[in-house]
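Take a look at the structure set out below.
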Amino acid sequence: MNLEKIIVVPKIPDSINMLRNIAYNIWWSSNNKAVDLFKYIDKEIWEGTNHNPVKLLNIVSEERLIKLCEDAIFINLYNDVVSEFGSYIKNNDAWQERSHGEYRNDVIAYFCAEYGLHESIPIYSGGLGVLAGDHLKSASDLGIPVVGIGLLYQKGYFIQNISKYGDQKNIFITNDFDDLPVRPVYNQNGEEVMINITMEDTRIWAKVWEMEIGINKLYLLDSNIDENTDENKGITDALYGGDYNQRIKQEMLLGIGGVKLLEVINITPSVWHINEGHSAFLVFERIAQVMKNDNIDFYEALELVRSNEIFTTHTPVSAGNDMFSFNIIERYFKNYINTFRISRTRFLELGECNTNNGDRLFSMTVLALRTSIYSNAVSALHGEVSRELWKKVWHDVPTDEVPIDHVTNGVHIFTWLAPNMKSLYAQSFEREYRKSIDNDDIWNRINDVSNDVLWQKHIENKRNLINLAKDRLQIQRKREYLNDDLERNISLDENVLTIGFARRFATYKRAGLIFRDIERLKKIINNQERPIQIIFAGKAHPADIPGQDIIKDIYELSMKPEFANKIIFIENYDMNLAKHMVAGVDVWLNTPRRPYEASGTSGQKAAANGVINFSVLDGWWCEGYNGNNGWAIGDYRKFDSLEEQDSEESKMLYTILENEIIPMYYEKNDKPYSDRWVETMKKSITTITPYFNMHRQVKEYYEKFYANCIKNKNKLYRDSVQVIKQMCEWKEKVHANWGKVSIYTKQIANQSKAEYGDEVKLQADVRMENLTEDDVIVEAYIGILDNNDNVVEYKTIPMYKAEEMSDEYYQYETNVKLDFIGKVGYTARVIPNNSYTENNKEMGLIKWAE
């Protein structure tokens, strides 16, 4: 029997008809009252749906909804939430309006392969997605018009089960989009919006869905529709799944499809933000559209597209960046090569990367770097690593000046604060503290909160974590038929020092570092007077066998009698478990192999909740640690081998645990807590949270990059792109004549020794054939040299034209102040003066003095 199907959901009474609107806006997830409102409807369904308000409203009985209309407590809570939601949406005093009101209509398009918005929306795998979700939330809080672009995965990332032998089982569950806060997008004719792109002469269709993130929207593409073949329906099947053909199809749909999506719904972004290289193919569709719409050639279109595009790299190793063979690129992009009317070689050069083993591949990161006016890493150290890693893209530029900036990651505080900590801060700080989350003075007021009160809040969160851990372990062990003594007695103690380690189980994260000396760890954990307990959680990618082996090793150790119920591994790490852990442990442990942690943000979430960090000096912790707000493992030294690094840093880990962390925690002096410990919690809150938050991060992106991209767009897109033609002509002139530029220096007062603060007059004779003084910048370059005469710290000083010696020769000079101590080197150089975008390094041209 062939039956037509229809989904029937409860009718929401008129008096509470805003429930569904609020459920479909992710705003609710960081508002305590909104969470309480949905929980009040039906606590059992709420917990059973993984805190999903859309699904809750789809299955709760109408009788319950009608009854709630007569419940005064519920109605008062409902009215409060509706009022707060309305005020949030209508906010006319947001940061954007106050700081950059002139750009209020300039939209930023933000592309990312995954978004971690809430545990009930499984379209994320880990840190990248959570960061992207936090970025969209803070942009909304700040009133910044950002539109997100991503893919709507049928199965998302996997659910992790751990077998009784410690093996990771990867369970994929199909998402029911009717139970997610996504809605189809409709055009003016009431038809569902669809876009299509061509892959290997095949037209691929995608349906467009939208999700509300406060005042902004996230648009998601879905290929699982009847218009596609079964194979192509699977393009959006799973996040980070499949082979290279599946991967390139996903990335084409994300990048190229995303551009077409924005065109169809009539959004013209002023800024295009590529968050990690997965979406970098968007540049090709942008170029094609500009060439067609403005009747310009490929090179002019490339410059126009580059002028308002920003790229953020998150990966500190070359192998971790997506790369494709030239053959695959040619197969999928032959139509673009023909459209651009350029050679195959020129097209492939945009992403060409020579690997360490000599292979020539097409790198998504190189493509994004070469086609973006601004690029950035995600911490100061990651900036250094990235400049070294990608310096080959700018051949003549010194590593320190490679134009990859950094913006250190932050977190959306209101997503990651435990409910009781939000309440505490709201009571203790200014009423409007939510608008001043990056204000040091606001957070310093935690010092006015008594140690008793802060510790009580922490113990509440610790209790909540222990209860969640016990529930999950019971389910886990019952499923795996572990009917032994361990299953009967899962005993975690809220009075015991508790360490948390939760993250993706990649080998460089070194989850097993704390187990390097098992006998020493046994003594620490089983100390009768001052014991500790450790909670682990995290997934390894289905293809990462070494990462899965680490999970198995930890699980097996946790089942041994000497570690039973003192070391536990909780399966299926997600945002809900993460929220409990970053608020409920006492110490947040992080042991990456420096410098492979690009940033990391879990420790920032922990700090906001008063949990103290104990971490290797890598990623954000290099900037966050001040000697008093946590503990650092290791230092900045480089090791001769990985074995030596692991050995030394594991010893430091044990020593700090034994001599500093454990004694401080148990220094209770007849109190239920240690005053010194709580004071350190306060130092962690006050020194970390005001800076390492997403509001600061998004503001920094705006001030450093977004505003400049908007200015570039306003300058270069005007006058029927005549300005861009002029810039291309100028660049062509500079490139054609750069080989004829020469510079020679001489020191007026020749000397080999000087005192700090002395000045040296430097002159330079510059030859510029077919170029003018307006085309270049001449500057002195001075820096400290190490024993090998490498520059370790430098500065540049403008040089000014003193004399025009002929039509091609100019004399420049300046006074160089010697404000470095030690061996100092100095010279002069010429760089192009790009007055069009004010980014003088992006051409990669520098002429050094001979």
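Considering the stretch 659-674 alone, what residues qualify as being in contact with a helix residue (DSSP H, G or I) (Cβ under 8 Å, 6 or more places away or on another chain) and open to solvent by 60 Å² or more (accessible area, probe 1.4 Å)?
Let us first name the residues in the stretch 659-674 that are in contact with a helix residue (DSSP H, G or I) (Cβ under 8 Å, 6 or more places away or on another chain), namely 662, 664-665, 667, 669, 672-674.
Hits for the stretch 659-674 are 667, 669, 672.
What number of residues within the stretch 209-240 satisfy the criterion of being under 25 Å from residue 158 (Cα atoms), touching a strand residue (DSSP E or B) at 6+ places or on another chain (Cβ under 6 Å) and part of a strand (DSSP E or B)?
Number satisfying all stated conditions: 9.
Scan 634, 600 and give me the residue that is closer than 28 Å to residue 415 by Cα and either touching an Asp or Glu at 6+ places or on another chain (Cβ under 9 Å) or of a type in the set (D, E, K, R) (or both).
Details: 634 fails: closer than 28 Å to residue 415 by Cα.
Result: 600 is the single residue among 634, 600 that is closer than 28 Å to residue 415 by Cα and either touching an Asp or Glu at 6+ places or on another chain (Cβ under 9 Å) or of a type in the set (D, E, K, R) (or both).
Just one of (1) out of contact with any strand residue (DSSP E or B) (no Cβ under 7 Å at 6 or more places or on another chain); (2) not in a loop (DSSP other than H, G, I, E, B) trips up residue 680, so point out which.
Just one mismatch for residue 680, condition (1).
Could you go through the stretch 492-499 and let me know if any residue there is touching a strand residue (DSSP E or B) at 6+ places or on another chain (Cβ under 6 Å) and of a type in the set (Ser, Thr, Tyr).
Scanning the stretch 492-499 turns up at least one residue that is touching a strand residue (DSSP E or B) at 6+ places or on another chain (Cβ under 6 Å) and of a type in the set (Ser, Thr, Tyr).
Do we find that residue 110 is in contact (Cβ under 8 Å) with a residue 40 or more places away in the chain and closer than 27 Å to residue 160 by Cα in this structure?
On the way: in contact (Cβ under 8 Å) with a residue 40 or more places away in the chain: yes; closer than 27 Å to residue 160 by Cα: no.
Against the criterion (in contact (Cβ under 8 Å) with a residue 40 or more places away in the chain and closer than 27 Å to residue 160 by Cα), residue 110 does not qualify.
Residues that are in contact (Cβ under 8 Å) with a residue 12 or more places away in the chain and β-branched (Val, Ile, Thr): find the helices (runs of 4 or more DSSP H) completely inside the stretch 485-562 holding 1 or more of those.
Ranges flagged: 518-525, 545-558.
Do you know which residues across the stretch 178-199 are open to solvent by 20 Å² or more (accessible area, probe 1.4 Å) and under 21 Å from residue 148 (Cα atoms)?
Answer for the stretch 178-199, where residues must be open to solvent by 20 Å² or more (accessible area, probe 1.4 Å) and under 21 Å from residue 148 (Cα atoms): 178, 179, 183, 184, 186, 187, 192, 194, 196.
Considering (1) in a helix (DSSP H, G or I); (2) closer than 22 Å to residue 32 by Cα; (3) open to solvent by 20 Å² or more (accessible area, probe 1.4 Å), say which one residue 465 fails and leave the rest.
(3)
Take the residues of the stretch 563-590 that are outside any helix (DSSP H, G or I) and of a type in the set (D, E, K, R): which is nearest to residue 665 (Cα to Cα)?
Looking at the filtered set, the residue picked out is 586.
Is there a residue in the stretch 94-104 that is more than 19 Å from residue 415 (Cα to Cα), open to solvent by less than 70 Å² (accessible area, probe 1.4 Å), more than 28 Å from the chain's Cα centre (by Cα) and at pLDDT 95 or above?
Scanning the stretch 94-104 turns up no residue that is more than 19 Å from residue 415 (Cα to Cα), open to solvent by less than 70 Å² (accessible area, probe 1.4 Å), more than 28 Å from the chain's Cα centre (by Cα) and at pLDDT 95 or above.
Quickly run through the stretch 689-704 and pick out the residues that are among the hydroxyl-bearing types (Ser, Thr, Tyr), more than 14 Å from residue 376 (Cβ to Cβ) and open to solvent by less than 10 Å² (accessible area, probe 1.4 Å).
Restricting attention to the stretch 689-704, the residues satisfying the condition of being among the hydroxyl-bearing types (Ser, Thr, Tyr) are 689, 691, 701-702.
From what's left, more than 14 Å from residue 376 (Cβ to Cβ): 689, 691.
Answer for the stretch 689-704, where residues must be among the hydroxyl-bearing types (Ser, Thr, Tyr), more than 14 Å from residue 376 (Cβ to Cβ) and open to solvent by less than 10 Å² (accessible area, probe 1.4 Å): just 689.
Is it true that residue 806 is in contact with a Lys or Arg (Cβ under 7 Å, 6 or more places away or on another chain) and farther than 30 Å from residue 707 by Cβ?
Values: in contact with a Lys or Arg (Cβ under 7 Å, 6 or more places away or on another chain): no; farther than 30 Å from residue 707 by Cβ: yes.
So residue 806 does not fit the description; no.
What are the pairs with Cβ atoms under 6 angstrom where one residue, in the stretch 144-162, is in a strand (DSSP E or B) and the other, located anywhere, is of a type in the set (Gly, Ala, Ser) and buried (at least 22 other Cβ atoms within 10 Å of the Cβ)? Sequence gap at least six, or different chains.
What qualifies is 146/139; 147/109; 149/258.
Please determine whether any residue of the stretch 656-672 is touching a residue at least 60 places away in the same chain (Cβ under 8 Å), more than 19 Å from residue 451 (Cβ to Cβ) and touching a strand residue (DSSP E or B) at 6+ places or on another chain (Cβ under 7 Å). Can you show your working first?
So in the stretch 656-672, the residues touching a residue at least 60 places away in the same chain (Cβ under 8 Å) come out as 657-658, 661-663, 665-666, 672.
Filter again for more than 19 Å from residue 451 (Cβ to Cβ), leaving 657-658, 662.
Narrowing further to those that are touching a strand residue (DSSP E or B) at 6+ places or on another chain (Cβ under 7 Å): 662.
Taking every residue of the stretch 656-672 in turn, at least one turns out to be touching a residue at least 60 places away in the same chain (Cβ under 8 Å), more than 19 Å from residue 451 (Cβ to Cβ) and touching a strand residue (DSSP E or B) at 6+ places or on another chain (Cβ under 7 Å).
Have a look at 734, 723 and point out the one that is in contact with a helix residue (DSSP H, G or I) (Cβ under 6 Å, 6 or more places away or on another chain), of a type in the set (A, V, I, L, M) and in a helix (DSSP H, G or I).
Only one candidate passes the filter, namely 723.
Of the numbered conditions (1) closer than 15 Å to residue 113 by Cβ; (2) open to solvent by less than 60 Å² (accessible area, probe 1.4 Å); (3) under 24 Å from the mean Cα position of the chain (by Cα); (4) without any contact (Cβ under 8 Å) to a residue 60 or more places away in the chain, residue 239 fails exactly one; give the number of that condition.
(4)
Among the residues in the stretch 640-650, are any out of contact with any Pro (no Cβ under 8 Å at 6 or more places or on another chain) and open to solvent by less than 10 Å² (accessible area, probe 1.4 Å)? Write out each step before concluding.
Of all residues in the stretch 640-650, those out of contact with any Pro (no Cβ under 8 Å at 6 or more places or on another chain) come to 640-650.
This time we only want the ones that are open to solvent by less than 10 Å² (accessible area, probe 1.4 Å), so: 649-650.
Yes - at least one qualifying residue is present in the stretch 640-650.
Here is a list of conditions, (1) charged (D, E, K, R); (2) out of contact with any helix residue (DSSP H, G or I) (no Cβ under 7 Å at 6 or more places or on another chain); (3) within 12 Å of residue 418 (Cα to Cα), and residue 579 meets all of them except one; can you say which number that is?
(2)
Which numbered condition trips up residue 415, out of (1) in a loop (DSSP other than H, G, I, E, B); (2) within 30 Å of residue 35 (Cα to Cα)?
(1)
Examine the stretch 832-850 for a residue that is open to solvent by 50 Å² or more (accessible area, probe 1.4 Å), among the hydroxyl-bearing types (Ser, Thr, Tyr) and at pLDDT 85 or above, and state whether such a residue exists.
The answer is no; no qualifying residue exists.
Hey, can you tell me all the residues within the stretch 393-446 that are in contact (Cβ under 8 Å) with a residue 60 or more places away in the chain and among the charged types (D, E, K, R)?
Here is the first cut: in the stretch 393-446, the ones in contact (Cβ under 8 Å) with a residue 60 or more places away in the chain are 393-398, 400-405, 407-419, 421-423, 434-435, 437-440, 442-444, 446.
396, 400, 401, 405, 422, 434, 435, 438, 440 - these are the residues of the stretch 393-446 that are in contact (Cβ under 8 Å) with a residue 60 or more places away in the chain and among the charged types (D, E, K, R).
Within the stretch 707-730, can one find any residue that is over 30 Å from residue 840 (Cα atoms) and under 26 Å from the mean Cα position of the chain (by Cα)? So that I can check it myself, show each step before the final result.
Going through the stretch 707-730, the residues over 30 Å from residue 840 (Cα atoms) turn out to be none.
No.
Does residue 706 satisfy the condition of being touching a residue at least 12 places away in the same chain (Cβ under 8 Å) and not in a helix (DSSP H, G or I)? If you could, list the steps in order and put the result at the bottom.
Values: touching a residue at least 12 places away in the same chain (Cβ under 8 Å): yes; not in a helix (DSSP H, G or I): no.
No, not satisfied.
Out of 564, 543, which single residue is surrounded by fewer than 19 Cβ atoms within 10 Å (Cβ to Cβ), among the hydrophobic types (A, V, I, L, M, F, W, C) and within 30 Å of residue 387 (Cα to Cα)?
On the way: 564 fails: within 30 Å of residue 387 (Cα to Cα).
Going through 564, 543 in turn, the sole match is 543.
Would you mind telling me which numbered condition in (1) small (Gly, Ala, Ser); (2) under 26 Å from the mean Cα position of the chain (by Cα); (3) open to solvent by 20 Å² or more (accessible area, probe 1.4 Å) residue 113 fails?
Looking at each condition in turn, residue 113 falls short on (3).
With 54, 60, 81 as the choices, which residue is touching an Asp or Glu at 6+ places or on another chain (Cβ under 9 Å), touching a residue at least 40 places away in the same chain (Cβ under 8 Å), over 23 Å from residue 178 (Cα atoms) and open to solvent by less than 10 Å² (accessible area, probe 1.4 Å)? Show your work before the answer.
Numbers: 54 fails: over 23 Å from residue 178 (Cα atoms); 60 fails: over 23 Å from residue 178 (Cα atoms).
Step by step, each of 54, 60, 81 is checked, and only 81 is touching an Asp or Glu at 6+ places or on another chain (Cβ under 9 Å), touching a residue at least 40 places away in the same chain (Cβ under 8 Å), over 23 Å from residue 178 (Cα atoms) and open to solvent by less than 10 Å² (accessible area, probe 1.4 Å).
Can you spot a residue in the stretch 165-177 that is within 26 Å of the chain's Cα centre (by Cα), modelled with pLDDT under 95, polar (S, T, N, Q) and open to solvent by less than 30 Å² (accessible area, probe 1.4 Å)?
yes
The values are calculated or read from the model by the stated rules, or taken from the named source; none is laboratory data. This structure is a prediction, so every number in the text was calculated from the model and none was measured. Cβ coordinates were reconstructed from backbone atoms using ideal geometry, including for glycine residues, and neighbour counts include every protein chain displayed. To get the accessible areas, we keep the full protein, side chains included, count just its heavy atoms, and leave off ligands, DNA and RNA. Shrake-Rupley method; radii C 1.70, N 1.55, O 1.52, S 1.80 Å.
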